[in-house]
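Since the structure comes first, as structure tokens, the remarks are kept for the end.
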Amino acid sequence: MKTSLCLLISIATILILIRRFHVSVAVIVGAFVLGILTLGLDCFDVMFSTVTSFQTLKFLIIITLAFTLAYSMKESGALDMITQSSLSLFGKASAFVIPAMIGLLPMPGGAIVSAVMLRDIVKSFKISPERATFLNYWFRHVWACLDPIYPSVIITLAILEIGYLTLLKSTYLITLAMIAFGLPFVSLERSNNPKDLRGFLYLTPILIVVVLTVLGVDLTVSLIVAVSLLYIFRKPSLREVAKKAINLKIYLLIVALLYYKDLIIKTGSSHELFEDLTSLGIPQPITATILSFVLGFVTGIESGYAALAIPLLTPFTGIGEKLVAKNLMLVVGAGILGVMFSPLHLCLILTREYYSANLEKVYTRYLIPAGLLTLLSLFLAYLML
């Protein structure tokens, strides 16, 4: 059996199981399907190599530290202080500023946090439920392709074997495009309240991570520094944070993703599948864009999209020193937009329910126009680079 067909069977398995089970279970089963069909019992040797590798341990530590930082800021009250300062400075524009700031923190279903924080703003400025849903949902995810503490970013770094700065150079245009095409739906109306900027100081831990990582400091070290400083100055409850930050399902997902990636590389299945598709006469950029978008749409989760699309499209993006920046931009951009368009996205579901918005109007008036313009701009950037 062709390895490309085996890969398609494994992807289909994941997409079927992801509807009823946690994404980690779906990926590990899909990985075993690919391994058994292509390598037989030798797939267990690959699994042993993955589980015992230093890279796996490192990324488990990074994930733990990332969630520790996110929940520590929530537990310590830092997020509330940031909200107050944003409202005093930006007024009605806080409807997009607050989700963007809270979006720097990777929390499952985190859009509900910013949705609650926006409640009084939405009410006082009479923002429609549909517009409020879009602003909260869209701007909550503008950093999803480049925030170094996002699981999907960490997964992408692991699969492609690249440093954070390389990823940043490849994907920053996605964030700029999302912001640019989301802003036309923002109403700017300043607040008359006294300006209080002290709350913005609580963004310091996140900025420390970003700045240190960009300067070349290892992401693990950057996170340790940020978390340590937060505990020194804010002293959040370690017990409460640990309950949320230590997530065995996330750990299983990371191991499953790295195992899946190692199997795909070992079997060469992604190269064969990509060659099969391009042999049909479809240009590689269009093939990569469609595959990435569809996988993002059907999974509805950033880490799920990264698990499927990034390993599959390594023949197009390249790996390590052979990475092609503009190709990665196209793949990640299409995948993120596929996730954003998905009605299965937990953040969209929670935000729509919280504001009692009409989902059809959210799509037709806001999400589809902003998404299509973003995707078009990325295609133009790809052609120009």
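Bear in mind that the values in this text are calculations on the coordinates, not laboratory data. Nothing here was measured: the structure is a model prediction, and the numbers come from that model. In this analysis, Cβ positions are derived from the backbone assuming ideal geometry, glycine residues included, and neighbour counts consider all displayed protein chains.
Pop a pseudo-label 7 angstrom from the Cα along the beta-carbon direction at both Lys169 and Val211 and give the gap in nm to one decimal.
2.3 nm
Normalised by the number of residues in segment 24-174, what is the relative contact order in percent for Cα pairs under 8 Å and 6+ residues apart?
Here the relative contact order equals 21 percent.
Each label point is 7 Å from the Cα along the Cα-to-Cβ direction; what then is the distance between the points at Leu197 and Leu372, in nm?
A separation of 4.1 nm, rounded to one decimal place.
Return a whole-number percent for the relative contact order of segment 3-384, with Cα pairs under 8 Å and 6 or more residues apart as the contact set.
Value for segment 3-384: 27 percent.
Take every Cα-Cα distance within segment 184-279, group them into 5 Å bins from 0 onward, and report for each bin the whole-number percent of pairs it holds.
All Cα pairs, binned at 5 Å, distribute as 2, 9, 10, 11, 13, 13, 11, 12, 8, 6, 4, 2, 0 percent.
Suppose we take every Cα in the chain and form the convex hull; what volume per residue is that in Å³?
Value for the chain: 135 Å³ per residue.
Note the full-extension length gain between Tyr382 and Asp80 as 0.36 nm times their separation in residues minus their Cα-Cα distance, in nm to one decimal.
That pair, Tyr382 and Asp80, stretches by 104.8 nm at full extension.
Roughly how big is the chain's charge dipole about its Cα centre, with Cβ charges of +1 (Lys, Arg) and -1 (Asp, Glu), in debye to the nearest 20?
My answer is approximately 1080 debye.
Per-residue HN-Hα couplings for segment 151-159, Karplus 6.51 cos²θ - 1.76 cosθ + 1.60 at θ = phi - 60°, whole Hz, x for Gly and Pro?
Ordered by residue, 3J(HN,Hα) equals x, 5, 5, 4, 5, 4, 4, 5, 5 Hz.
Would you work out which of Leu323, Ile28, Pro148 lies farthest towards the positive end of the dipole of the chain? Charges go on Cβ: Lys and Arg +1, Asp and Glu -1.
Pro148
Got a sec? Charge dipole of the chain, +1 on Cβ for Lys and Arg, -1 for Asp and Glu; which of Leu41, Ala357, Ile14 is way out at the positive end?
Of the listed residues, the answer is Ala357.
For Ile9 paired with Ile290, estimate the spin-label separation in nm (one decimal), with each label point 7 Å from Cα along the Cα-to-Cβ line.
Using points 7 Å along Cα→Cβ, the separation is 2.4 nm.
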